[in-house]
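Accompanying notes for the structure given below.
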Amino acid sequence: MRKPVWLKTSVIKYNITKFLFNILSFSVNNKKIKKTDILVTQLDGIGDGIIRLGLLKILAEKYGKENIIILTKNCYEILELEGYKVIKCENLFHLNIFKLFKIYRELKKYNFKELYMMEFKKDKEVDFLMSFNYDIVYSYECDGLEEWKKKFPVKLVPRSNKKIIESVYNFAKEIDENVIKESLIPVLNIRIEELEYIAVGVGAGGDFKVASPEVLADFLNYIISIQPDIEFRVLGNGKNQEEYYQKLKKLTGYEKIINFVDKLTLVESMEMIANAKLYIGFDSGLYNIAYALNKKILAIVSMKNSQSCYHISKNIEFVYRQDNDKQVRNITDKTYTNEELNQIPAERFIEKYNLLK
């Protein structure tokens, strides 16, 4: 028998935390009178934060970067580098009263005029922000906004089913109706000194976006065969991506595949991508960073996944399985099971690699 929703651990934690927060929040006062600050939430992935850099720029041009405060989990290093005020939070912070109240006290230092919830999907993480007094709230159209609509004027922004830049453009038009779509393409301005190595990203937001190490080993072996001294620098984080690197190194038997998994900050990873001659990886945050750096990219993707982040650029080539491609590998990988990725023939990679040379 399935447990009722109200008995789920996460629901119980949320309701207890919400009850305690409502009591404690009465004790915090804000002495500011004039509303000058703008609150932005970006509580989704690194790639999502990168894609919205152009949107933040439009907001900064309107209100001044010094008046914008961003609540974020995953992209804070890059946002700080870009000169924004950032308040950092952890995953599931809204289920811990101490972590939640700490963030609340930091936010109470400001007096917010407007709230821009820039996540493409709304989560209960933002519910505590209803304790502030905004003149207006902006959000993408999504479920879970009923309580917000009762308390504030809410401007709903339509999402696009096409490229993600279309959704960003819809949001930007609420800030500046004369905005040009091309101005929203994200740009990371850092010094680049192109060196003779290839950066390789081995992770993504979900394992279904990542091919088995056997596939990537096949692709890298082609490059090794024509450039026997080439160096690969592998980027990622977490136990799974460390194991991925170890398998990749074993499958290729190549010494110059260097492990940087869990050894770099996000900004350091960005710098390593910036100085690479080429980036190879999957649909991930690092791929979006490479895009914002205008690097040459070989993106290994499935055309059966969402294609909203398959950016159009002369520097990006997508490596994917075509409809008439037959099965080329017998892979029994229990972690990376997407056959649309695992059955991409090496010829598809070779074709696209030679286009970017």
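The values are calculated or read from the model by the stated rules, or taken from the named source; none is laboratory data. Small disclaimer: the values here were computed from a predicted structure and weren't measured. For neighbour counting, all protein chains shown are included, and Cβ atoms are generated from backbone atoms with ideal geometry for every residue, glycine included. Surface accessibility is based on the protein's heavy atoms, side chains included, excluding ligands, DNA and RNA. Shrake-Rupley method; radii C 1.70, N 1.55, O 1.52, S 1.80 Å.
Observations
- The residue list Val168, Ile136, Met117 was ranked by how far each Cα lies along the charge dipole of segment 87-221 toward its positive end, using unit charges on Cβ atoms, and Ile136 comes out on top.
- Point-to-point label distance, Asp135-Asn111, nm (Cα→Cβ direction, 7 Å offset): 1.3 nm
- Helices in the chain, meaning DSSP H runs of at least 4 residues, each add -39500 (n - 2.57). Divided by all residues, the mean residue ellipticity at 222 nm is -10500 deg cm²/dmol.
- The chain, accessible area per residue, ligands and nucleic acids excluded (1.4 Å, Å²): 51 Å²
- Angle in degrees between helix 9-24 and the longest Cα principal axis of the chain, rounded to the nearest 10: 40 degrees
- Cut-off under 5 Å, modelled amide H: who pairs with Ile87 long-range: Ile70, Leu71, Thr72
- Considering only Thr332, Thr36, Thr265, the mean-square fluctuation computed in a Gaussian network model of the chain, springs between alpha carbons under 10 angstrom, is largest for Thr332.
- For segment 34-74, the carbon plus sulfur part of the accessible surface works out to 48%, probe radius 1.4 Å.
- Subtracting the Cα-Cα distance of Leu20 and Glu255 from 0.36 nm times their residue separation leaves 79.1 nm of extension gain.
- Angle between the chain longest axis and helix 97-107 axis [Cα atoms, degrees, rounded to 10]: 80 degrees
- About its Cα centre, segment 177-309 has a charge dipole of approximately 180 debye under the convention of +1 per Lys or Arg Cβ and -1 per Asp or Glu Cβ, with nothing else charged.
- Result for the chain in a Gaussian network model with C-alpha springs under 10 Å: among Lys62, Lys249, Lys296, the largest mean-square fluctuation is at Lys62.
- Hypothetical label at Phe208: residues of segment 231-249 whose amide nitrogen lies under 20 Å (7 Å Cα-Cβ projection): 240-241
- Note on Ile185: accessible area is roughly 80 Å² with a 1.4 Å probe, heavy atoms of protein only.
- Helix axis angle, 239-252 relative to the chain longest principal axis, alpha carbon, degrees: 10 degrees
- Shown here: Cα Rg over 2.2 N^0.38 Å, derived from the displayed model; of the candidates (i) 0.93; (ii) 1.09; (iii) 1.02, it corresponds to (ii).
- The charge dipole of the chain, taken about its Cα centre with unit charges on the Cβ of Lys, Arg, Asp and Glu (plus for the first two, minus for the last two), comes to roughly 1380 debye.
- Nonpolar atom fraction for segment 268-329, defined as the carbon and sulfur part of the 1.4 Å probe accessible area, stands at 42 percent.
- Unit charges at the beta carbon, dipole of the chain: most positive-side option, Cys89, Pro345, Phe208: Cys89
- Near Leu293, the amide H atoms lying under 5 Å from its own belong to Leu188; only residues 5 or more places off or on other chains count, and H is placed 1.01 Å from N.
- Given charges at beta-carbon only (K, R positive; D, E negative), |dipole| of segment 65-111 in Debye: 280 debye
- Amide hydrogen proximity for Glu231: with H placed 1.01 Å from N in the peptide plane, the residues at 5 or more positions away or on another chain lying under 5 Å are Ile198.
- Projected label points at Asp229 and Lys102, each 7 Å from Cα along the beta carbon direction, are separated by 5.0 nanometres.
- Vicinal HN-Hα couplings computed from phi for segment 219-235 (Karplus, 6.51 cos²θ - 1.76 cosθ + 1.60; Hz; Gly/Pro x): 5, 5, 4, 5, 4, 4, 5, 9, 9, x, 10, 5, 10, 10, 10, 8, 10
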